Amino acid sequence: MATQTAPVTGAAPNSDDRPPRKIAFRQTLGRWDVKVSPYLYISPFFVLFAVVGLFPLLYTAWVSMHEWSLIGGQGEFVGLDNFTFVLGQTFFWNSLRNTFSIFLLSTVPQVIAALVIAAMLDANLRAKTFWRMGVLLPYVVAPVAVSLVFSKMFADGSGMINTILGYVGIDPIGWHKDVLASHIAIASMVNFHWTGYNALILLAAMQAIPRDLYEAATIDGAARVRQFFSIALPMIRPTMIFVILTSTIGGLQIFDEPRMFDATGLGGSSGQWKTVTLYLYELGWNKQQLGRAAAVAWLLFGIIIVFALLNSWLTRRIASADDLSRSAKAARRHTRRNARELSRSMKQTATAPTEGSRQ
């Protein structure tokens, strides 16, 4: 007779005995976790950017279409009249010319000097940490302090620079009177403050290059200069684009150096070095025309966007041209090598003894 076993009470339930709805809910929750979690992890940046970046940008566009005073606040809607007024002012075009001049005098030498310094620091030097800290030291100094020191060095009368020039027989230069001289002085402040920072960024990119490439180039007989142009520059191209873009943005937004170059901070007696940001500051806080100042800010924003796109296009064209030239050179070398091998084989065939001559 078959015996019936009583069910054991208190046993743990099997996972397969759980309700199907609960299992389906957990599977759905797991799928949503995989899909949504990455967006939640990066959301703090976008929330912070929307609060401190996107909202002020859109609010400035709203202000630029109104008459807006510092005390009275929002006035009547004027549309694009603020932009028309700003574009019709000679002070705006003068400040735009000064901005471009200081930008070219600072950005181009700055990037070149940063490349040279990074290449020197990438070499086998003694006390590497000391030299790298020394290069970064000007970046740690506040821009206001740098501007104050350099404004005294470039004093028109008995400044240090004019004193040194007098020792070599050069007449004193009006650093605060002449347009080009003032731009050179301000550009020297920018280069002093930012060259070391860009050099360390480029140095980090150079150190990521495999050392095997340099060893192979050394075996092939390539000198240091040849290795720099053939290996280092092509390998750090993305970092170069980053440095050029950030230098462009910073150069077009320059404010601290021209603001502290003299005691008044208005860009010179006749606007010799008044930049777009100084003109914006004058409209907004001295003349209390915040609507027109917001229009200047949006015009500067558009100029920066155009320059950034232009830089990106130029760097891509140069990169593609370099790739095509390297491909053409490689194909030319391959063709020459095949031609040499073919001529060598033909010579060997022509000089080889025949079967009859051997007998």
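General remarks:
- Test set (1) over 26 Å from Leu245 (Cα atoms); (2) surrounded by 15 or more Cβ atoms within 10 Å (Cβ to Cβ); (3) of a type in the set (Gly, Ala, Ser) - Ala118 fails condition number: (1)
- Test: Ile170 is under 26 Å from Gly134 (Cα atoms) and part of a loop (DSSP other than H, G, I, E, B): no
- Search result, residues across the range 67-112 that are hydroxyl-bearing (Ser, Thr, Tyr) and in contact with a Leu (Cβ under 7 Å, 6 or more places away or on another chain): Ser69, Ser95, Thr99
- Options Arg326, Arg317; residue that is within 31 Å of the chain's Cα centre (by Cα), under 30 Å from Phe229 (Cβ atoms), at pLDDT 75 or above and not in a loop (DSSP other than H, G, I, E, B): Arg317
- If only residues of the range 16-61 that are under 43 Å from the mean Cα position of the chain (by Cα) and of a type in the set (S, T, N, Q) are counted, the one that is surrounded by the most Cβ atoms within 10 Å (Cβ to Cβ) is Thr60.
- Residue count for the range 258-274 under the criterion of being at pLDDT 90 or above and acidic (Asp, Glu): the result is 0.
- Filtering the range 173-183 to residues that are part of a helix (DSSP H, G or I) and either surrounded by fewer than 19 Cβ atoms within 10 Å (Cβ to Cβ) or on the phi > 0 side of the Ramachandran plot (or both) leaves Val179, Leu180, Ala181.
- Residue that is closer than 30 Å to His176 by Cα and not aromatic (Phe, Trp, Tyr), where the choices are Arg259, Arg224, Arg211, Arg237: Arg259
- Exactly one residue among Ser147, Ser64 is buried (at least 19 other Cβ atoms within 10 Å of the Cβ) and farther than 30 Å from Ile201 by Cα, and that residue is Ser64.
- The conditions of being outside any loop (DSSP other than H, G, I, E, B), modelled with pLDDT of 90 or more and within 26 Å of the chain's Cα centre (by Cα) are met by Thr277.
- Matching helices (runs of 4 or more DSSP H) fully within the range 80-162 where at least 2 residues are in contact with a His (Cβ under 8 Å, 6 or more places away or on another chain): 90-122, 128-140, 143-153
- Test: residue in the range 253-271 that is aliphatic (A, V, I, L, M), under 29 Å from Phe150 (Cβ atoms) and without any contact (Cβ under 8 Å) to a residue 60 or more places away in the chain: yes
- Extreme residue, nearest to Tyr281 (Cα to Cα), among residues of the range 67-83 that are polar (S, T, N, Q) and surrounded by fewer than 18 Cβ atoms within 10 Å (Cβ to Cβ): Ser69
The values are calculated or read from the model by the stated rules, or taken from the named source; none is laboratory data. Predicted, not measured: the structure shown is a model, and the values here were computed from it. Note that we place each Cβ from the backbone using ideal geometry, even for glycine, and neighbour counts take in every protein chain shown.
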